[in-house]
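Visitor: Submitted below is the structure of interest, expressed as structure tokens.
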Amino acid sequence: METTAEEHVEKKKDVAVKGEAAIRQEFLTTKENFHGFVDSEWQVRNGGKVCENDKATATSVEEPEVKKIKVEPEETNKWGKQDGKRHRGQNKSRPRTKITAYDERRLCLSVIQDNRECPFGAKCNFHHDVAEYLATKPADIGESCYLYDTFGKCCYGLACRFAKAHTTPDFKSMENADLIKAHEGRTAVKNSLSKDLQISLRKRSVAFKKSEEYLSTLSNNKDKREQHEEGNAPVLEVSADQTEGDQHQSTETETEASPDKQPPPVRTVGPLTDQDVVKLRICEKKQVDFQDKLYLAPLTTCGNLPFRRVCKRFGADITCGEMAMCTNLLQGQQSEWALLKRHESEDIFGVQVEGCFPDTMTRCAELINNNTDVDFVDINSGCPIDLVYKKGGGCGLMTRTRKFEQIINGMNYVLDVPLTVKIRTGVQEKCNVAHKLIPEMKKWGVSMITLHGRSREQRYTKLADWDYITTCSNLASPVPLFGNGDILSYEDAMKARETGVSGIMIARGALIKPWIFTEIKESRHWDISSGERLDILRDFSNFGLEHWGSDTRGVEKTRNFMLEWLSFMCRYIPVGLLERVPQKINERPPYYMGRNYLESLMASQHVGDWVRISEMLLGPVPKNFNFLPKHKANAYK
């Protein structure tokens, strides 16, 4: 017999559902009642109309299922037995609609920039007829343009989705001279890739002088080690180019010289001394005070520049760019260099790079050191994804200590700024290795270590091991060690500080509630209203339009990143609704009604409702719009 909504709520009063957050009983509801309320209210507020995109996105993804005590694996191996593999949280087969598909007919840049003559003439593929372009252009989103109101000029002109705010009846762009003068000579965003540098990288004409110095000593050390292993038998000299070719070889396997074929002796200039591999002394490097700071973790996809600006407003002390692949940076890929961009509000800013070989990582460090403005460089040796790990990067570096040491020594040799490292407890779930690695990293000259209290295999299926972080913090002293994992309130932060860590790194907690930095600094629980949360999203949309552009492509790119963020933000439960404060990061929110419609809408874990929130700020989605979040909620186990 089916139970009614009232009976369902009554059952929840008697028995607490395992893994669910405790919410006051008067706010609890059922799935049917929740979605019925949200959908009906949305139709009322939109004149009884149901958007076609709502129907399209309603079936694109389902909400996370209620936690099950035991999950039976469905897959079987070739012997017909169950594999027992756990499902991961990544959506590898999700649809990826390119942003370019939303703006197929674009206005030529020559028309946007004061109707100058197009250098491509008849061969140009873009619109030159303004009237024809405006006939196909989507409707404007709003009456005011953030870029024009802030900087006095919108560089997107007629292509801007807020063009009415700065366009005359005869299609001329307006300017505010006072605002333009106020921002004259100001560079809000640094670390952009110049065209000259990109061409030089693609032609491989960039000189890496200090890197070659280090790699030559690395080759000499390898020669001496082989001589020692072969009973001081002379061997051929290994060049830096051969070092780069070492990418396809394992660290532990070394080629032995044939006993019957002795290579010619090597010319040397004397014994290898410490001066040959000397680094900048600590006093010569730029210093960063890491002690007792709040560190916003480098978050792939969601940790973009507009999001970091939001977190800086709420009190984040240290920010770091998203993980960048060193090989892509060395190839001059524009999309990868965009991850290094720094806003002027980021006073302590670093970049995180990923790689698995000393030659590429050392050259990448020298490239960053000479062409960007950063306060520190971080090595990602904690990335768990297969694409990185199977090549020996990310978590793979923790098991390749010789390569890891060479990478750290090489990057320290070429950098003028501190070098930091982010690691996990280990690779296997019940085999921690960080406590063995940390004393070695102290000798290698690392300036700061960040430890995520989980292994690669564990992912988010269990709570972070803060007891182990405490042990590692004692081993790391006097090198600063930051702890990371499961911090969602100032009480969690206080407990973390009691472990003796030098500081705290916050990742998912900042995605769920970016005002967590304010809560920690003011030691309080902030019962933030839904209107204030919408204002935060409005700030993000404005920062996104400034960063990615206010034309159709920029608007849809901003929307895409906002939706990725909302897939985390919907997990937040308002303080005033909780039966027990604070909310725990591993507790799944049950279905509940907010104190107003907007609060209920923000509590929805359905992608169609996230799209509705984005439409409040960025206008209606295109007809061919489709979205599926990159990260599924798989962190409540």
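The values are calculated or read from the model by the stated rules, or taken from the named source; none is laboratory data. In this text, all values refer to a predicted model and were calculated from it rather than measured experimentally. All Cβ positions, glycine included, derive from the backbone under ideal geometry; neighbour counts span all protein chains shown. When the accessible area is computed, the model is the full protein with side chains, heavy atoms only, and any ligands, DNA or RNA have been set aside. Shrake-Rupley method; radii C 1.70, N 1.55, O 1.52, S 1.80 Å.
Visitor: Could you list, ordered by first residue, the pairs with Cβ atoms under 9 Å in which the first is in segment 142-159 and open to solvent by 20 Å² or more (accessible area, probe 1.4 Å) and the second is of a type in the set (Val, Ile, Thr) and assigned to a helix (DSSP H, G or I), at least 6 apart or interchain?
Guide: Close Cβ pairs satisfying both conditions: 151/180; 153/180; 155/112; 156/112.
Visitor: Determine whether residue 439 is open to solvent by less than 10 Å² (accessible area, probe 1.4 Å) and modelled with pLDDT under 95.
Guide: For residue 439, the condition - open to solvent by less than 10 Å² (accessible area, probe 1.4 Å) and modelled with pLDDT under 95 - is not met.
Visitor: Do you know which of the residues in segment 328-359 that are open to solvent by less than 10 Å² (accessible area, probe 1.4 Å) and part of a helix (DSSP H, G or I) is farthest from residue 412 (Cα to Cα)?
Guide: It comes out as 337.
Visitor: A further question on this structure: Pick out the one residue from 123, 137 that is surrounded by 19 or more Cβ atoms within 10 Å (Cβ to Cβ) and basic (Lys, Arg).
Guide: 137
Residue-by-condition table, conditions (1) closer than 27 Å to residue 544 by Cβ; (2) touching a strand residue (DSSP E or B) at 6+ places or on another chain (Cβ under 7 Å):
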| site | (1), (2) |
| --- | --- |
| 105 | yes, yes |
| 113 | yes, no |
| 121 | no, no |
| 126 | yes, yes |
| 133 | yes, yes |
| 137 | yes, no |
| 146 | yes, no |
| 156 | yes, no |
| 183 | yes, no |
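Visitor: Looking only at residues that are over 21 Å from residue 321 (Cα atoms) and in a loop (DSSP other than H, G, I, E, B) in segment 186-203, which one is modelled with the highest pLDDT?
Guide: 203
Visitor: Out of (1) modelled with pLDDT of 95 or more; (2) open to solvent by 50 Å² or more (accessible area, probe 1.4 Å); (3) not acidic (Asp, Glu), the odd one out for residue 544 is which?
Guide: Every listed condition holds for residue 544 apart from (2).
Visitor: I've got another one for you. Which of the residues spanning segment 169-217 are acidic (Asp, Glu) and open to solvent by 80 Å² or more (accessible area, probe 1.4 Å)?
Guide: 170, 175, 178, 184, 196
Visitor: Separate question: Just one of (1) part of a helix (DSSP H, G or I); (2) open to solvent by less than 20 Å² (accessible area, probe 1.4 Å); (3) in contact with a His (Cβ under 9 Å, 6 or more places away or on another chain) trips up residue 471, so point out which.
Guide: (2)
Visitor: Could you tell me whether any residue of segment 494-509 is within 15 Å of residue 571 (Cα to Cα), open to solvent by 10 Å² or more (accessible area, probe 1.4 Å) and among the small types (Gly, Ala, Ser)?
Guide: So far as segment 494-509 goes, yes, one or more of its residues are within 15 Å of residue 571 (Cα to Cα), open to solvent by 10 Å² or more (accessible area, probe 1.4 Å) and among the small types (Gly, Ala, Ser).
Visitor: Please enumerate the residues belonging to segment 119-172 that are aromatic (Phe, Trp, Tyr), more than 32 Å from the chain's Cα centre (by Cα) and part of a helix (DSSP H, G or I). Steps first, answer last, please.
Guide: Kept after step one, since they are aromatic (Phe, Trp, Tyr), are these residues of segment 119-172: 120, 126, 133, 146, 148, 151, 156, 162, 171.
Those still in the list that are more than 32 Å from the chain's Cα centre (by Cα) too: 120, 126, 133, 171.
Answer for segment 119-172, where residues must be aromatic (Phe, Trp, Tyr), more than 32 Å from the chain's Cα centre (by Cα) and part of a helix (DSSP H, G or I): just 133.
Visitor: Within segment 474-491, count every residue that is part of a helix (DSSP H, G or I) and either open to solvent by 20 Å² or more (accessible area, probe 1.4 Å) or in contact with a Phe, Trp or Tyr (Cβ under 9 Å, 6 or more places away or on another chain) (or both).
Guide: 4
Visitor: Take the conditions in contact (Cβ under 8 Å) with a residue 60 or more places away in the chain, touching a Lys or Arg at 6+ places or on another chain (Cβ under 7 Å) and open to solvent by less than 20 Å² (accessible area, probe 1.4 Å) and apply them to residue 558. Does it pass? Lay out the reasoning, then the answer.
Guide: Numbers: in contact (Cβ under 8 Å) with a residue 60 or more places away in the chain: yes; touching a Lys or Arg at 6+ places or on another chain (Cβ under 7 Å): no; open to solvent by less than 20 Å² (accessible area, probe 1.4 Å): yes.
The answer is no for residue 558.
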